[in-house]
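To start, the structure under review is shown below, and the notes come after it.
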């Protein structure tokens, strides 16, 4: 399973909820070279597709083609498949002592300098 960046997850999940699976508009703060790089990566992986925008319908533009038309981005079938980030598996068997591994023992937690135990004075 491929790992998605946070940006890719946001773009694809928003596209899945929009009519026509439109990936536009992109999230706030994603613009310029960063947007081009993210979108290019998603297009190369087949998650987004660049299609001609229907300006009469008010589709948001990704880029202008120069002939009075423009393109927009839609999520492809591959981009609409739900993805999950893999979770770390929880340990099934605790350590023999019943404590978590690599956890210091309580006597070590309360030791003073040179390993001597801390003792409160009763003044």
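Here are a few things to note about the model shown:
- Residues within region 49-74 that are surrounded by 14 or more Cβ atoms within 10 Å (Cβ to Cβ) and in a strand (DSSP E or B), tallied: 8
- Among the residues making up region 9-40, those that are closer than 13 Å to residue 73 by Cα, in contact (Cβ under 8 Å) with a residue 12 or more places away in the chain and assigned to a helix (DSSP H, G or I) are 11, 12, 14, 15, 16, 20, 21, 38, 39.
- For region 76-86, the count of residues that are over 16 Å from the mean Cα position of the chain (by Cα) and at pLDDT 90 or above is at least one.
- Yes/no for residue 46 being in a loop (DSSP other than H, G, I, E, B) and modelled with pLDDT of 90 or more: yes
- Checking the stated criteria, residue 4 turns out not to satisfy the condition of being touching a residue at least 24 places away in the same chain (Cβ under 8 Å), buried (at least 18 other Cβ atoms within 10 Å of the Cβ) and touching a strand residue (DSSP E or B) at 6+ places or on another chain (Cβ under 7 Å).
The values are calculated or read from the model by the stated rules, or taken from the named source; none is laboratory data. Being a predicted model, the structure only gives us computed values, none of them experimental. FYI the Cβ positions are ideal-geometry reconstructions off the backbone, even for glycines, and counts take in every protein chain you see.
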